Amino acid sequence: MPTPPRIAGIVVAAGQGARAGGDIPKQYRSLAGVPVIVRAVQALAAHPAIETVVVVTGAGQGDLFDRAFAGRAAPRRVEGGASRRESVRAGLAAVADYDIVLIHDAARPLLPAAVIDRLIGALDTHDGAVPVLPVVDSLATSDGTLLGGPVPRDGLARVQTPQAFRQPAIAGAHALWPDDREATDDAQVARAAGHKIMTVEGDPMLEKLTHPGDFAAAEHRLAPMLVTRTGMGFDVHRFALDRELWLGGVLIPHSHGLAGHSDADVALHALVDAILGAIGDGDIGSHFPPSDPQWRGAPSHRFLEHAASLVAARGGVIDHVDVTIICERPKVGPHREAIRTRIAALLMIEVAQVSVKATTTEGLGFTGRGEGIAAQAIASVRIGGTGL
């Protein structure tokens with residue numbers, strides 16, 4: 001029985017993506033709560049036929065790469081060159097011992113597994129294969145202002161990535177390509193070397209992220225793949241002398257703090273449990289057991305950031321959180337906006353997605369007697385139906 005070919009994926013992510021807007025290259029921007037580059041890598045890595053994935057980044061993008069994959073399984077990273085072709089060659093060198101390579105643009109993060117299946121199958125008879133979509137719109141020339149004559153669309157196709165090749169064929173083709181010319185894609189390089197490239201059916205999910213509106217369109221395409229889940233959390237801590245009072249990640253001036261193994265931020269603890277409940281992943285005690293001395297006095301924002309990272313690792317997005325703080329004292333109102341802002345920053349969501357309320361128990365119970373503070377929280381999360 002023949003040995004199956006070893007297959008590697010290369011994600012080209014060295015560009016700056018200026019046309020997409022934003023303060024960072026588009027491949028590091030969030031798409032429904034997950035960085036674009038992470039979605040592109042995970043789509044390739046999840047395919048059972050692909051053994052490894054290598055990412056080619058631009059110079060100076062190491063910190064962005066590390067932040068994108070924080071808390072996730074990170075692929076091997078190599079640094080690219082000044083042009084896309086130089087970056088691809090760096091990726092090819094990193095997987096030189098593989099039989100088949102799939103070269104993919106990070107700007108096409110929504111990659112269906114069926115497209116990968118079709119590409120790999122096409123290499124049974126060809127040295128290369130690309131996914132394509134038909135051209136359905138009318139085409140015409142234009143000088144940027146006035147419409148010119150029509151252009152026949154018969155025989156035209158929209159070429160997508162990933163593009164699949166037998167490794168020796170594409171590596172050899174890149175070695176032959178002149179240094180003073182830039183190729184539009186790797187299929188052009190392969191064809192110039194005499195290789196026949198097969199076309200397979202592409203997918204509208206693979207539309208490239210180029211302009212700001214493309215992100216909204218991609219999130220719309222993702223929407224049917226995500227389901228909304230809700231989690232609830234509740235926590236209580238008693239007052240204690242000689243302790244700082246932390247509520248919602250904000251230090252509150254008060255005569256007493258709250259007793260607890262960590263900093264006892266009752267609001268964040270309730271919110272952590274709400275988020276963990278939404279993704280069905282235990283509670284705060286199972287992730288940060290009070291018996292573990294490393295969490296003694298720990299700031300609770302670490303717990304909340306961990307919970308948020310678990311949502312992101314499952315391809316989910318936090319839509320809204322609502323926290324109610326229950327106490328007679330101190331007054332929460334003067335600190336409400338600071339708490340909302342802090343929680344939004346920790347979860348990397350907008351302040352408008354955070355609600356903070358306060359109430360009393362009208363003098364009843366332990367909170368009414370001023371013995372401590374309670375908090376309850378609700379979190380709404382969208383996550384893949386099989387993402388748990």
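The values are calculated or read from the model by the stated rules, or taken from the named source; none is laboratory data. Because the structure is predicted, anything quoted here is derived from the model rather than measured. Backbone-built Cβ (ideal geometry, glycine too); neighbour counts: all protein chains shown.
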Point to revise | Subset of region 257-283 (residues that are surrounded by 19 or more Cβ atoms within 10 Å (Cβ to Cβ) and not in a helix (DSSP H, G or I)) | key: GLY257, LEU258, GLY260, SER262, ASP263, ALA264, ASP265, ILE279
Check your understanding: Of the residues in region 193-239, how many are more than 28 Å from ASP322 (Cβ to Cβ) and among the β-branched types (Val, Ile, Thr)?
Key -> 4
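Listed here are the residues, each with its yes/no results for (1) over 33 Å from the mean Cα position of the chain (by Cα); (2) free of Cβ contacts under 8 Å to residues at least 60 places away in the same chain; (3) over 30 Å from PRO224 (Cα atoms).
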{"site": "PRO334", "(1), (2), (3)": "yes, yes, yes"}
{"site": "GLU337", "(1), (2), (3)": "no, yes, yes"}
{"site": "THR359", "(1), (2), (3)": "yes, yes, yes"}
{"site": "ILE383", "(1), (2), (3)": "no, no, no"}
Practice item. Could you grab me the full set of residues in region 174-190 that are surrounded by 15 or more Cβ atoms within 10 Å (Cβ to Cβ) and touching a residue at least 60 places away in the same chain (Cβ under 8 Å)? Key: HIS174, TRP177, ALA183, ASP186, VAL189, ALA190
Revision key, fill the gap. Of the residues in region 179-191, those that are closer than 21 Å to ALA96 by Cα and over 30 Å from the mean Cα position of the chain (by Cα) number 5
Check your understanding: From the list ALA312, ALA345, ALA375, ALA358, which one is within 24 Å of ARG29 (Cβ to Cβ), aliphatic (A, V, I, L, M) and in contact with a strand residue (DSSP E or B) (Cβ under 9 Å, 6 or more places away or on another chain)?
Key -> ALA312
Check your understanding: Considering region 344-380 alone, what residues qualify as being under 27 Å from GLY280 (Cα atoms) and at pLDDT below 95?
Key -> ALA344, ALA345, LEU346, LEU347, MET348, ILE349, GLU350, VAL351, ALA352, GLN353
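Yes/no matrix, rows are residues, columns are (1) touching a residue at least 40 places away in the same chain (Cβ under 8 Å); (2) within 32 Å of the chain's Cα centre (by Cα); (3) surrounded by fewer than 13 Cβ atoms within 10 Å (Cβ to Cβ):
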| residue | (1), (2), (3) |
| --- | --- |
| ILE100 | yes, yes, no |
| GLY128 | yes, yes, no |
| GLY148 | no, no, yes |
| ASP154 | no, no, yes |
| GLN167 | yes, yes, no |
| ALA193 | no, no, no |
| MET198 | yes, yes, no |
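Could you identify the single residue in SER83, SER87 that is touching a Gly at 6+ places or on another chain (Cβ under 9 Å), polar (S, T, N, Q) and either farther than 30 Å from ALA308 by Cβ or crowded, with 23+ Cβ neighbours inside 10 Å (or both)?
Values: SER83 fails: touching a Gly at 6+ places or on another chain (Cβ under 9 Å).
Answer to the selection: SER87.
In this structure, does ILE318 turn out to be surrounded by 14 or more Cβ atoms within 10 Å (Cβ to Cβ), more than 16 Å from the chain's Cα centre (by Cα) and at pLDDT 85 or above? Give the derivation first.
Values: surrounded by 14 or more Cβ atoms within 10 Å (Cβ to Cβ): yes; more than 16 Å from the chain's Cα centre (by Cα): no; at pLDDT 85 or above: yes.
It is false that ILE318 is surrounded by 14 or more Cβ atoms within 10 Å (Cβ to Cβ), more than 16 Å from the chain's Cα centre (by Cα) and at pLDDT 85 or above.
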Review point. Looking at region 231-242, is at least one residue among the basic types (Lys, Arg), surrounded by 16 or more Cβ atoms within 10 Å (Cβ to Cβ) and either at negative phi or not in a loop (DSSP other than H, G, I, E, B) (or both)?
Key: no
**Study point:** Selection status of GLY60, at pLDDT below 95, surrounded by 14 or more Cβ atoms within 10 Å (Cβ to Cβ) and part of a loop (DSSP other than H, G, I, E, B)
**Key:** no
Check your understanding: Can you pull out the residues in region 209-219 that are assigned to a loop (DSSP other than H, G, I, E, B) and surrounded by fewer than 17 Cβ atoms within 10 Å (Cβ to Cβ)?
Key -> THR210, HIS211
